[in-house]
Amino acid sequence: MPDREARISGELYIGLMSGTSMDGIDAALVDFEPSRPKLLGHCYQPWPQPIRERLKKLSQPGDNEIEQLGNADIAVANHFSEVVGELLRQTSIKPWQVRAIGSHGQTVRHRPDAEHPFTLQIGDPNQLAEKTGITVVADFRRRDMAAGGEGAPLAPAFHAAFLRSPAEYRVILNLGGIANITLLPADPKARIIGFDTGPANTLMDAWIHYSQRHRFDAQGAWAAQGQVIPELLDRLLDDNYFKRPPPKSTGPELFNLEWLNQHLMNQSKYRPEDIQASLCALSSHTIIQTINQYAPDCERVICCGGGTRNPTLMQQLQQGLDATVETTAEQGIDPDQIEAMAFAWLARQTLQHLPGNLPDVTGARHPVILGGIYQARTND
(Lines give C-alpha, C1' and ligand atoms only; values in the text may rest on other atoms or scores of the structure.)
Protein backbone atom coordinates (compact mmCIF):
# COMPACT_ATOMS: atom_id res chain seq x y z
CA MET A 1 0.00 0.00 0.00
CA PRO A 2 1.38 3.45 -0.90
CA ASP A 3 2.33 5.60 2.04
CA ARG A 4 0.70 8.94 2.86
CA GLU A 5 3.73 10.91 1.63
CA ALA A 6 3.50 9.35 -1.81
CA ARG A 7 -0.14 10.39 -2.13
CA ILE A 8 0.56 13.97 -1.17
CA SER A 9 3.60 14.52 -3.40
CA GLY A 10 2.06 13.62 -6.77
CA GLU A 11 1.35 16.26 -9.42
CA LEU A 12 -0.95 14.11 -11.54
CA TYR A 13 -4.48 15.36 -12.18
CA ILE A 14 -7.31 14.17 -14.40
CA GLY A 15 -9.54 16.61 -16.23
CA LEU A 16 -13.00 15.56 -17.40
CA MET A 17 -14.86 17.55 -20.03
CA SER A 18 -18.18 17.07 -21.76
CA GLY A 19 -19.01 20.18 -23.71
CA THR A 20 -22.05 21.86 -25.20
CA SER A 21 -21.87 19.68 -28.32
CA MET A 22 -22.73 16.70 -26.06
CA ASP A 23 -20.84 14.33 -28.32
CA GLY A 24 -18.92 12.56 -25.59
CA ILE A 25 -16.51 12.68 -22.66
CA ASP A 26 -12.86 13.69 -22.86
CA ALA A 27 -10.54 12.63 -20.04
CA ALA A 28 -6.95 13.87 -19.81
CA LEU A 29 -4.22 12.75 -17.43
CA VAL A 30 -1.90 15.70 -16.86
CA ASP A 31 1.43 16.04 -15.06
CA PHE A 32 1.97 19.53 -13.66
CA GLU A 33 5.43 18.89 -12.27
CA PRO A 34 7.17 20.25 -15.41
CA SER A 35 7.07 23.97 -16.12
CA ARG A 36 4.39 23.29 -18.75
CA PRO A 37 1.59 20.77 -18.26
CA LYS A 38 2.42 17.44 -19.84
CA LEU A 39 -0.35 15.27 -21.23
CA LEU A 40 0.39 11.70 -20.16
CA GLY A 41 -2.69 10.12 -21.66
CA HIS A 42 -6.20 10.78 -22.80
CA CYS A 43 -9.37 8.82 -23.38
CA TYR A 44 -12.58 9.63 -25.23
CA GLN A 45 -15.96 7.95 -24.82
CA PRO A 46 -18.94 8.97 -26.96
CA TRP A 47 -22.25 9.37 -25.21
CA PRO A 48 -24.63 6.48 -25.93
CA GLN A 49 -27.38 7.91 -28.12
CA PRO A 50 -30.18 7.42 -25.53
CA ILE A 51 -28.25 9.38 -22.90
CA ARG A 52 -27.30 12.05 -25.42
CA GLU A 53 -30.96 12.51 -26.30
CA ARG A 54 -31.88 12.78 -22.60
CA LEU A 55 -29.20 15.41 -22.09
CA LYS A 56 -30.39 17.38 -25.12
CA LYS A 57 -33.93 17.37 -23.76
CA LEU A 58 -32.74 18.59 -20.37
CA SER A 59 -31.19 21.60 -22.07
CA GLN A 60 -34.70 22.93 -22.71
CA PRO A 61 -37.75 23.24 -20.43
CA GLY A 62 -39.85 20.09 -20.47
CA ASP A 63 -42.00 17.70 -18.48
CA ASN A 64 -40.99 15.92 -15.30
CA GLU A 65 -37.63 17.71 -15.26
CA ILE A 66 -36.65 16.98 -11.66
CA GLU A 67 -37.06 13.21 -12.12
CA GLN A 68 -35.21 13.33 -15.44
CA LEU A 69 -32.43 15.44 -13.93
CA GLY A 70 -31.92 13.16 -10.94
CA ASN A 71 -31.60 10.07 -13.13
CA ALA A 72 -29.31 11.79 -15.63
CA ASP A 73 -27.07 13.10 -12.84
CA ILE A 74 -26.23 9.55 -11.76
CA ALA A 75 -26.03 8.15 -15.30
CA VAL A 76 -23.54 10.83 -16.30
CA ALA A 77 -21.44 10.20 -13.19
CA ASN A 78 -21.36 6.49 -14.00
CA HIS A 79 -20.04 7.19 -17.49
CA PHE A 80 -17.50 9.64 -16.08
CA SER A 81 -16.20 6.96 -13.74
CA GLU A 82 -15.96 4.45 -16.60
CA VAL A 83 -13.86 6.77 -18.75
CA VAL A 84 -11.58 7.55 -15.76
CA GLY A 85 -11.14 3.83 -15.18
CA GLU A 86 -10.25 3.26 -18.81
CA LEU A 87 -7.75 6.15 -18.76
CA LEU A 88 -6.06 4.69 -15.68
CA ARG A 89 -5.86 1.27 -17.33
CA GLN A 90 -4.34 2.71 -20.51
CA THR A 91 -1.69 4.65 -18.61
CA SER A 92 -1.00 2.05 -15.88
CA ILE A 93 -1.65 4.72 -13.23
CA LYS A 94 -3.19 3.82 -9.87
CA PRO A 95 -5.95 5.94 -8.34
CA TRP A 96 -3.76 6.85 -5.34
CA GLN A 97 -1.23 8.47 -7.70
CA VAL A 98 -3.78 11.05 -8.89
CA ARG A 99 -4.23 14.09 -6.67
CA ALA A 100 -7.71 14.92 -7.97
CA ILE A 101 -10.16 14.81 -10.83
CA GLY A 102 -11.35 18.16 -12.13
CA SER A 103 -14.84 17.43 -13.44
CA HIS A 104 -16.53 20.09 -15.52
CA GLY A 105 -19.73 18.05 -15.57
CA GLN A 106 -22.30 18.15 -18.34
CA THR A 107 -24.02 21.50 -18.70
CA VAL A 108 -27.76 21.06 -19.05
CA ARG A 109 -28.81 24.65 -18.42
CA HIS A 110 -26.89 27.92 -18.47
CA ARG A 111 -28.97 31.02 -17.70
CA PRO A 112 -26.70 33.97 -16.87
CA ASP A 113 -29.44 36.40 -17.96
CA ALA A 114 -32.24 34.91 -15.86
CA GLU A 115 -33.99 36.86 -13.11
CA HIS A 116 -31.90 34.78 -10.71
CA PRO A 117 -28.87 33.81 -12.84
CA PHE A 118 -27.85 30.17 -12.61
CA THR A 119 -25.86 27.47 -14.33
CA LEU A 120 -26.22 23.72 -13.87
CA GLN A 121 -23.68 20.97 -14.60
CA ILE A 122 -24.54 17.37 -13.76
CA GLY A 123 -22.53 14.21 -13.11
CA ASP A 124 -22.73 13.64 -9.35
CA PRO A 125 -19.20 14.17 -7.94
CA ASN A 126 -20.09 12.08 -4.87
CA GLN A 127 -20.63 9.06 -7.11
CA LEU A 128 -17.50 9.85 -9.09
CA ALA A 129 -15.30 10.05 -5.99
CA GLU A 130 -16.80 6.87 -4.57
CA LYS A 131 -16.43 4.83 -7.75
CA THR A 132 -12.91 5.99 -8.70
CA GLY A 133 -11.36 6.34 -5.24
CA ILE A 134 -9.99 9.75 -6.32
CA THR A 135 -10.79 13.15 -4.81
CA VAL A 136 -13.03 15.14 -7.13
CA VAL A 137 -13.26 18.89 -7.62
CA ALA A 138 -16.48 19.87 -9.37
CA ASP A 139 -19.18 22.53 -9.71
CA PHE A 140 -16.68 25.17 -10.80
CA ARG A 141 -19.02 27.65 -12.45
CA ARG A 142 -21.48 28.50 -9.70
CA ARG A 143 -18.93 30.13 -7.39
CA ASP A 144 -18.02 32.60 -10.11
CA MET A 145 -21.73 33.32 -10.55
CA ALA A 146 -22.07 33.88 -6.82
CA ALA A 147 -19.42 36.59 -7.21
CA GLY A 148 -21.46 38.28 -9.91
CA GLY A 149 -19.91 36.58 -12.94
CA GLU A 150 -21.44 34.58 -15.76
CA GLY A 151 -19.68 31.38 -14.69
CA ALA A 152 -18.11 31.12 -18.14
CA PRO A 153 -15.81 30.89 -19.89
CA LEU A 154 -13.30 29.45 -17.41
CA ALA A 155 -10.63 28.05 -19.74
CA PRO A 156 -9.10 31.52 -20.38
CA ALA A 157 -7.25 31.39 -17.05
CA PHE A 158 -5.52 28.21 -18.26
CA HIS A 159 -4.85 29.79 -21.66
CA ALA A 160 -3.26 32.80 -19.97
CA ALA A 161 -1.09 30.62 -17.73
CA PHE A 162 0.38 28.46 -20.49
CA LEU A 163 -0.23 29.97 -23.95
CA ARG A 164 0.53 33.67 -23.50
CA SER A 165 3.66 34.96 -25.24
CA PRO A 166 5.58 38.24 -24.71
CA ALA A 167 6.57 38.08 -28.38
CA GLU A 168 3.13 38.44 -30.00
CA TYR A 169 -0.56 39.19 -29.47
CA ARG A 170 -2.44 35.91 -29.46
CA VAL A 171 -6.09 34.89 -29.49
CA ILE A 172 -7.04 31.42 -28.28
CA LEU A 173 -10.16 30.24 -30.10
CA ASN A 174 -12.10 27.27 -28.74
CA LEU A 175 -14.31 25.71 -31.41
CA GLY A 176 -16.58 23.52 -29.34
CA GLY A 177 -20.35 23.55 -29.49
CA ILE A 178 -20.02 27.23 -28.67
CA ALA A 179 -17.07 29.34 -29.81
CA ASN A 180 -15.19 31.33 -27.19
CA ILE A 181 -12.08 33.45 -27.41
CA THR A 182 -9.33 34.48 -25.03
CA LEU A 183 -7.41 37.65 -25.91
CA LEU A 184 -3.77 37.45 -24.82
CA PRO A 185 -1.88 40.70 -25.48
CA ALA A 186 1.91 40.43 -25.53
CA ASP A 187 2.16 43.15 -22.87
CA PRO A 188 2.14 41.23 -19.55
CA LYS A 189 0.43 44.21 -17.87
CA ALA A 190 -2.47 44.31 -20.34
CA ARG A 191 -5.71 42.83 -19.13
CA ILE A 192 -7.01 39.53 -20.46
CA ILE A 193 -10.58 39.25 -21.65
CA GLY A 194 -12.53 36.35 -23.07
CA PHE A 195 -16.11 35.49 -23.90
CA ASP A 196 -18.41 33.35 -26.02
CA THR A 197 -18.75 34.70 -29.55
CA GLY A 198 -21.74 32.47 -30.39
CA PRO A 199 -22.16 29.09 -32.07
CA ALA A 200 -19.25 27.08 -33.42
CA ASN A 201 -20.52 23.52 -34.01
CA THR A 202 -23.78 23.34 -32.07
CA LEU A 203 -26.10 24.54 -34.84
CA MET A 204 -24.29 22.62 -37.56
CA ASP A 205 -24.44 19.46 -35.44
CA ALA A 206 -28.14 19.96 -34.69
CA TRP A 207 -29.06 20.62 -38.32
CA ILE A 208 -27.17 17.67 -39.81
CA HIS A 209 -28.64 15.38 -37.16
CA TYR A 210 -32.14 16.64 -37.95
CA SER A 211 -31.66 16.42 -41.72
CA GLN A 212 -29.27 13.50 -42.20
CA ARG A 213 -29.28 11.69 -38.85
CA HIS A 214 -25.50 12.19 -38.57
CA ARG A 215 -24.02 13.37 -35.29
CA PHE A 216 -21.75 15.92 -36.94
CA ASP A 217 -20.62 17.17 -40.34
CA ALA A 218 -17.45 15.10 -40.86
CA GLN A 219 -14.67 17.26 -42.33
CA GLY A 220 -17.28 19.98 -43.02
CA ALA A 221 -18.06 18.08 -46.23
CA TRP A 222 -21.81 18.71 -46.24
CA ALA A 223 -21.39 22.45 -45.63
CA ALA A 224 -18.85 22.54 -48.47
CA GLN A 225 -21.48 21.13 -50.85
CA GLY A 226 -23.87 23.99 -50.15
CA GLN A 227 -24.09 27.67 -50.96
CA VAL A 228 -24.55 30.39 -48.35
CA ILE A 229 -28.06 31.90 -48.36
CA PRO A 230 -27.42 35.64 -47.90
CA GLU A 231 -30.87 36.59 -46.60
CA LEU A 232 -30.85 33.72 -44.09
CA LEU A 233 -27.36 34.60 -42.89
CA ASP A 234 -28.43 38.21 -42.42
CA ARG A 235 -31.40 37.15 -40.29
CA LEU A 236 -29.21 34.89 -38.16
CA LEU A 237 -26.63 37.64 -37.66
CA ASP A 238 -29.33 40.02 -36.45
CA ASP A 239 -29.69 38.17 -33.14
CA ASN A 240 -29.17 40.47 -30.14
CA TYR A 241 -26.52 38.18 -28.64
CA PHE A 242 -24.02 39.16 -31.32
CA LYS A 243 -24.56 42.85 -30.53
CA ARG A 244 -24.02 42.53 -26.78
CA PRO A 245 -20.67 43.65 -25.38
CA PRO A 246 -18.65 41.26 -23.18
CA PRO A 247 -18.61 39.75 -20.66
CA LYS A 248 -21.13 37.33 -22.09
CA SER A 249 -21.69 33.60 -22.37
CA THR A 250 -24.23 31.41 -24.07
CA GLY A 251 -25.07 27.83 -24.98
CA PRO A 252 -27.51 25.52 -26.79
CA GLU A 253 -30.24 26.93 -24.54
CA LEU A 254 -30.26 29.81 -27.04
CA PHE A 255 -28.62 28.48 -30.20
CA ASN A 256 -30.69 25.41 -31.02
CA LEU A 257 -33.04 24.07 -33.69
CA GLU A 258 -35.97 26.08 -32.36
CA TRP A 259 -33.88 29.27 -32.70
CA LEU A 260 -32.90 28.26 -36.23
CA ASN A 261 -36.49 27.46 -37.24
CA GLN A 262 -37.62 30.89 -36.10
CA HIS A 263 -35.21 32.40 -38.63
CA LEU A 264 -35.82 29.89 -41.42
CA MET A 265 -39.50 30.87 -41.67
CA ASN A 266 -40.06 28.49 -44.59
CA GLN A 267 -37.30 25.91 -44.69
CA SER A 268 -38.79 24.10 -47.70
CA LYS A 269 -37.60 26.95 -49.94
CA TYR A 270 -33.95 26.15 -49.08
CA ARG A 271 -31.77 23.15 -49.84
CA PRO A 272 -30.66 21.48 -46.58
CA GLU A 273 -26.98 21.66 -47.56
CA ASP A 274 -27.36 25.41 -48.21
CA ILE A 275 -28.70 25.85 -44.70
CA GLN A 276 -25.65 23.96 -43.41
CA ALA A 277 -23.33 26.21 -45.43
CA SER A 278 -25.08 29.25 -43.96
CA LEU A 279 -24.67 27.92 -40.42
CA CYS A 280 -20.96 27.37 -41.03
CA ALA A 281 -20.75 30.94 -42.37
CA LEU A 282 -22.58 32.20 -39.27
CA SER A 283 -19.94 30.61 -37.04
CA SER A 284 -16.98 31.90 -39.03
CA HIS A 285 -18.47 35.35 -39.61
CA THR A 286 -19.25 36.01 -35.95
CA ILE A 287 -15.82 34.76 -34.86
CA ILE A 288 -13.99 36.86 -37.47
CA GLN A 289 -16.07 39.95 -36.74
CA THR A 290 -15.45 39.61 -33.01
CA ILE A 291 -11.69 39.11 -33.30
CA ASN A 292 -11.37 42.02 -35.71
CA GLN A 293 -13.37 44.23 -33.35
CA TYR A 294 -11.74 43.32 -30.04
CA ALA A 295 -8.26 42.20 -31.12
CA PRO A 296 -7.40 44.06 -34.34
CA ASP A 297 -3.67 43.77 -33.58
CA CYS A 298 -3.80 40.00 -33.12
CA GLU A 299 -0.92 38.21 -34.83
CA ARG A 300 -1.80 34.57 -34.17
CA VAL A 301 -5.11 32.75 -33.64
CA ILE A 302 -4.57 29.40 -31.92
CA CYS A 303 -7.56 27.06 -32.26
CA CYS A 304 -8.70 24.07 -30.24
CA GLY A 305 -11.82 21.94 -29.96
CA GLY A 306 -13.73 19.74 -32.39
CA GLY A 307 -14.13 22.52 -34.95
CA THR A 308 -10.43 22.25 -35.79
CA ARG A 309 -11.33 19.05 -37.67
CA ASN A 310 -13.71 20.98 -39.94
CA PRO A 311 -11.55 22.18 -42.88
CA THR A 312 -14.43 24.25 -44.27
CA LEU A 313 -14.71 26.27 -41.07
CA MET A 314 -10.94 26.54 -40.61
CA GLN A 315 -10.47 27.73 -44.21
CA GLN A 316 -13.10 30.43 -43.76
CA LEU A 317 -11.37 31.63 -40.61
CA GLN A 318 -7.99 31.82 -42.31
CA GLN A 319 -9.47 33.72 -45.25
CA GLY A 320 -11.24 36.21 -43.00
CA LEU A 321 -8.41 36.93 -40.55
CA ASP A 322 -5.12 38.72 -41.16
CA ALA A 323 -3.47 36.71 -38.39
CA THR A 324 -1.86 33.29 -38.67
CA VAL A 325 -4.47 30.60 -37.90
CA GLU A 326 -3.19 27.34 -36.41
CA THR A 327 -4.14 24.80 -33.76
CA THR A 328 -2.78 24.21 -30.28
CA ALA A 329 -0.93 21.21 -31.72
CA GLU A 330 1.72 23.71 -32.87
CA GLN A 331 2.06 24.70 -29.19
CA GLY A 332 2.43 21.08 -28.08
CA ILE A 333 -1.12 20.69 -26.75
CA ASP A 334 -3.68 18.36 -28.32
CA PRO A 335 -6.57 20.51 -29.68
CA ASP A 336 -9.10 17.92 -28.53
CA GLN A 337 -7.73 17.78 -24.98
CA ILE A 338 -7.06 21.39 -24.02
CA GLU A 339 -10.39 21.90 -22.24
CA ALA A 340 -10.03 18.68 -20.26
CA MET A 341 -6.48 19.77 -19.38
CA ALA A 342 -7.87 23.15 -18.30
CA PHE A 343 -10.17 21.51 -15.76
CA ALA A 344 -7.34 19.36 -14.45
CA TRP A 345 -5.48 22.66 -13.87
CA LEU A 346 -8.54 24.26 -12.27
CA ALA A 347 -8.75 21.34 -9.83
CA ARG A 348 -5.09 21.95 -8.97
CA GLN A 349 -5.79 25.64 -8.43
CA THR A 350 -8.60 24.76 -6.04
CA LEU A 351 -6.52 22.33 -3.99
CA GLN A 352 -3.76 24.94 -3.79
CA HIS A 353 -6.30 27.52 -2.56
CA LEU A 354 -5.76 29.68 -5.65
CA PRO A 355 -8.43 31.43 -7.75
CA GLY A 356 -9.46 29.91 -11.06
CA ASN A 357 -11.51 32.68 -12.65
CA LEU A 358 -10.54 35.88 -14.43
CA PRO A 359 -12.97 38.65 -13.44
CA ASP A 360 -12.36 40.57 -16.68
CA VAL A 361 -13.52 37.47 -18.54
CA THR A 362 -16.53 36.35 -16.54
CA GLY A 363 -17.60 39.69 -15.09
CA ALA A 364 -17.15 38.55 -11.48
CA ARG A 365 -16.51 41.20 -8.84
CA HIS A 366 -13.24 39.56 -7.77
CA PRO A 367 -11.16 36.40 -8.17
CA VAL A 368 -12.53 33.34 -6.35
CA ILE A 369 -11.46 29.79 -5.59
CA LEU A 370 -13.73 27.64 -7.73
CA GLY A 371 -15.49 24.37 -7.12
CA GLY A 372 -16.37 22.04 -4.30
CA ILE A 373 -14.03 19.30 -3.06
CA TYR A 374 -15.35 15.75 -2.72
CA GLN A 375 -12.81 13.69 -0.85
CA ALA A 376 -11.93 10.18 -1.92
CA ARG A 377 -12.55 7.36 0.47
CA THR A 378 -9.62 6.73 2.78
CA ASN A 379 -7.45 3.64 2.56
CA ASP A 380 -6.03 4.11 6.06
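The values are calculated or read from the model by the stated rules, or taken from the named source; none is laboratory data. Note that the structure is predicted; figures quoted are calculated from it, not measured. Positions of Cβ are backbone-derived with ideal geometry, glycine not excepted, and every protein chain shown enters the neighbour counts. With ligands, DNA and RNA removed, areas are computed over all heavy atoms of the protein, side chains included. Shrake-Rupley method; radii C 1.70, N 1.55, O 1.52, S 1.80 Å.
Output the number of the condition that A277 fails; it satisfies all remaining conditions of (1) without any contact (Cβ under 8 Å) to a residue 60 or more places away in the chain; (2) open to solvent by 10 Å² or more (accessible area, probe 1.4 Å); (3) in contact with a Phe, Trp or Tyr (Cβ under 9 Å, 6 or more places away or on another chain); (4) more than 22 Å from I192 (Cα to Cα).
With (1) without any contact (Cβ under 8 Å) to a residue 60 or more places away in the chain; (2) open to solvent by 10 Å² or more (accessible area, probe 1.4 Å); (3) in contact with a Phe, Trp or Tyr (Cβ under 9 Å, 6 or more places away or on another chain); (4) more than 22 Å from I192 (Cα to Cα) applied to A277, the lone miss is (2).
Would you be able to tell me the number of residues in segment 332-370 that are assigned to a loop (DSSP other than H, G, I, E, B), within 18 Å of E11 (Cβ to Cβ) and modelled with pLDDT of 95 or more?
4
State yes or no: is P230 in contact with a strand residue (DSSP E or B) (Cβ under 6 Å, 6 or more places away or on another chain) and over 28 Å from G62 (Cα atoms)?
Answer is no for this residue.
Please verify whether segment 132-151 includes one or more residues that are modelled with pLDDT of 95 or more, out of contact with any strand residue (DSSP E or B) (no Cβ under 7 Å at 6 or more places or on another chain) and within 17 Å of A72 (Cα to Cα).
There is no residue in segment 132-151 that is modelled with pLDDT of 95 or more, out of contact with any strand residue (DSSP E or B) (no Cβ under 7 Å at 6 or more places or on another chain) and within 17 Å of A72 (Cα to Cα).
Which condition number does G62 fail, the rest of (1) open to solvent by less than 60 Å² (accessible area, probe 1.4 Å); (2) touching a residue at least 24 places away in the same chain (Cβ under 8 Å); (3) not in a helix (DSSP H, G or I); (4) not basic (K, R) being met?
Checking G62 against (1) open to solvent by less than 60 Å² (accessible area, probe 1.4 Å); (2) touching a residue at least 24 places away in the same chain (Cβ under 8 Å); (3) not in a helix (DSSP H, G or I); (4) not basic (K, R), the one that fails is (2).
Going by what's in this entry, would Q289 be described as surrounded by fewer than 17 Cβ atoms within 10 Å (Cβ to Cβ) and farther than 29 Å from E150 by Cβ?
No; evaluated as a whole, the condition is false for this residue.
Return yes or no: is S35 crowded, with 17+ Cβ neighbours inside 10 Å and either within 29 Å of A200 (Cβ to Cβ) or free of Cβ contacts under 8 Å to residues at least 40 places away in the same chain (or both)?
no
Is there any pair linking a residue in segment 365-377 that is among the charged types (D, E, K, R) to one that is open to solvent by 30 Å² or more (accessible area, probe 1.4 Å), with Cβ under 8 Å and at least six apart or on different chains, and which?
If the second residue must be open to solvent by 30 Å² or more (accessible area, probe 1.4 Å), the pairs left are R365/G148; R365/P359; R377/E130.
Identify the residue in segment 10-25 that is more than 16 Å from Q349 (Cα to Cα) and open to solvent by 30 Å² or more (accessible area, probe 1.4 Å) and, among all such residues, is modelled with the highest pLDDT.
D23
What are the residues in segment 312-326 that are open to solvent by less than 30 Å² (accessible area, probe 1.4 Å) and among the β-branched types (V, I, T), if any?
Within segment 312-326, T312, V325 qualify.
When A329 is evaluated against the numbered criteria (1) out of contact with any helix residue (DSSP H, G or I) (no Cβ under 8 Å at 6 or more places or on another chain); (2) part of a loop (DSSP other than H, G, I, E, B), which criterion, by number, is the only one it fails?
If we test A329 against (1) out of contact with any helix residue (DSSP H, G or I) (no Cβ under 8 Å at 6 or more places or on another chain); (2) part of a loop (DSSP other than H, G, I, E, B), just (2) comes out false.
Among the strands (runs of 3 or more DSSP E) lying completely within segment 92-202, list those that include at least 3 residues that are touching a residue at least 24 places away in the same chain (Cβ under 8 Å), over 25 Å from I333 (Cα atoms) and open to solvent by 10 Å² or more (accessible area, probe 1.4 Å).
Where strands (runs of 3 or more DSSP E) fall fully within segment 92-202 and carry at least 3 residues being touching a residue at least 24 places away in the same chain (Cβ under 8 Å), over 25 Å from I333 (Cα atoms) and open to solvent by 10 Å² or more (accessible area, probe 1.4 Å), they are 98-111.
I'd like the residue in segment 203-234 that is under 30 Å from L154 (Cα atoms), touching a His at 6+ places or on another chain (Cβ under 8 Å) and at pLDDT 95 or above and, out of all such residues, is least open to solvent (accessible area, probe 1.4 Å).
I208
I'm trying to understand the selection: among the residues of segment 205-253, which are under 29 Å from M145 (Cα atoms) and assigned to a loop (DSSP other than H, G, I, E, B)?
D238, D239, R244, P245, P246, P247, K248, S249, T250, G251, P252, E253 - these are the residues of segment 205-253 that are under 29 Å from M145 (Cα atoms) and assigned to a loop (DSSP other than H, G, I, E, B).
Please enumerate the residues belonging to segment 292-311 that are assigned to a loop (DSSP other than H, G, I, E, B) and surrounded by 24 or more Cβ atoms within 10 Å (Cβ to Cβ).
G305, N310
Of the conditions (1) in contact (Cβ under 8 Å) with a residue 12 or more places away in the chain; (2) open to solvent by 50 Å² or more (accessible area, probe 1.4 Å); (3) in contact with a Lys or Arg (Cβ under 9 Å, 6 or more places away or on another chain), R54 fails just one. Which one is it?
If we test R54 against (1) in contact (Cβ under 8 Å) with a residue 12 or more places away in the chain; (2) open to solvent by 50 Å² or more (accessible area, probe 1.4 Å); (3) in contact with a Lys or Arg (Cβ under 9 Å, 6 or more places away or on another chain), just (3) comes out false.
Would you mind stating whether R271 is open to solvent by 30 Å² or more (accessible area, probe 1.4 Å), in contact (Cβ under 8 Å) with a residue 12 or more places away in the chain and within 23 Å of P156 (Cα to Cα)? Break it down stepwise before answering.
Working: open to solvent by 30 Å² or more (accessible area, probe 1.4 Å): yes; in contact (Cβ under 8 Å) with a residue 12 or more places away in the chain: yes; within 23 Å of P156 (Cα to Cα): no.
Considered against the rule, which asks whether it is open to solvent by 30 Å² or more (accessible area, probe 1.4 Å), in contact (Cβ under 8 Å) with a residue 12 or more places away in the chain and within 23 Å of P156 (Cα to Cα), R271 comes out as no.
Could you say which residue among R54, R89 is basic (K, R), in a helix (DSSP H, G or I) and closer than 29 Å to F162 by Cα?
After ruling out the rest, the residue left standing is R89.
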